[in-house]
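Here, each number is a calculation from the coordinates, and none is a lab measurement. Here the structure is a predicted model, which is why all the values come from computation and not from measurement. Neighbour counts are summed over all protein chains in view; Cβ atoms, including those assigned to glycine, are modelled from backbone coordinates with ideal geometry.
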Amino acid sequence: MAGRRQVSEWPGNGLFREAKTASPATVVFVHQYAGNRDSSRQHQDMVLAMGFNSFSFNLTPRLRDASIPIWADELGAVLDAVEGPKILYSFSFPSVSVPTLLARAPREDVKAWICDGGPFSEIWRCYWNLLTHFKIGHPIPRFFATSRNFFAAGGWRYDSWVRRNLALMQPLPILSIRNTQDPLVPMRAIDKFFALGGPELQPERLTIESRGHLDGLSVAPKIYTHRVHEFLASKIVFARP
């Protein structure tokens with residue numbers, strides 16, 4: 001069985017976790033900026049409890065070491081390696097790798113997409129928020145670091161590039177999760193991203209009352225888990241054990 005392959009064989013040092021009962025799909029996790037395959041462990045446990053397999057992997061660590069198309073290449077290699085239907089579950093800025101990949105060609109194996117804290121427009125502001133929130137560097141070096149990453153992500157062409165990818169992307173069910181007072185990514189930045197796409201790509205939404213980033217499952221576990229399960233149950237045919 002594919003789920004019993006050795007970790008070293010998977011792209012991105014991937015980790016496959018198999019559900020206890022027959023799974024209708026594998027949830028493939030795309031971690032947040034500077035995260036790793038274990039960053040989504042709480043979310044992996046959640047989907048395993050729902051009866052889904054889980055797969056997580058490591059992206060090239062930072063935008064300065066890669067590019068969004070490289071992240072999309074890495075995600076594509078994972079999807080090619082994992083058998084059967086897949087659900088994508090992405091976090092924060094690397095979520096943009098999903099439409100980047102899906103714009104290249106239709107993928108019948110991808111059945112739905114859940115995105116938490118991203119993807120987003122206003123990338124200069126959001127990266128500035130990141131460095132400021134964690135008090136990384138003094139204001140002047142922080143400005144130049146923010147600008148460097150802004151241009152690495154596409155600079156002023158970013159929104160037009162996103163619009164093109166969304167136009168080429170095959171429509172699929174999307175659940176967008178965001179926090180009301182996220183200090184890094186304001187809700188409007190997420191809405192602006194999806195507004196670049198057509199009406200068929202407008203996501204369902206889950207809004208969590210929180211002042212944090214990516215902490216919805218921790219601060220409102222019942223609401224979060226219920227909505228994710230409700231979304232998946234409405235889009236995926238659950239296999240019977």
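Summary table
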| quantity | calculated |
| --- | --- |
| Neighbour-count order for Leu217, Leu130, Leu88, fewest beta carbons within 10 angstrom listed first | Leu217, Leu130, Leu88 |
| Least to most buried among Lys235, Lys192 (fewest other Cβ within 10 Å first) | Lys192, Lys235 |
| Neighbour-limited loop hits for GluC sites (Glu not before Pro), segment 146-239 (at most 12 other Cβ within 10 Å; DSSP other than H, G, I, E, B) | Glu209 |
| Ranking of Met46, Met187 by count of other Cβ atoms within 10 Å, fewest first | Met187, Met46 |
| Share of alpha-carbon pairs per 10 Å distance bin for segment 177-241, given as whole % | 19, 40, 33, 7, 1 |
| Helix-only mean residue ellipticity at 222 nm for the chain, each DSSP H run of n ≥ 4 adding -39500 (n - 2.57), per residue, nearest 500 | -11500 deg cm²/dmol |
| Antiparallel DSSP beta bridges within segment 1-144, as percent of all bridges there, nearest 5 | 15 |
| Relative contact order %, segment 146-241, counting alpha carbon pairs below 8 Å whose residues are six or more apart | 27 |
| Share antiparallel - DSSP beta bridges, the chain, percent rounded to 5 | 10 |
| Percent of C-alpha pairs per 10 Å bin, segment 45-188, short to long | 10, 39, 35, 14, 2 |
| Reduced Cα scattering model of the chain, Debye log10 I(q)/I(0), q = 0.09, 0.14 Å⁻¹ | -0.36, -0.89 |
| Between segment 154-193 and segment 14-50, the Cα center-to-center distance that results, in Å | 23 |
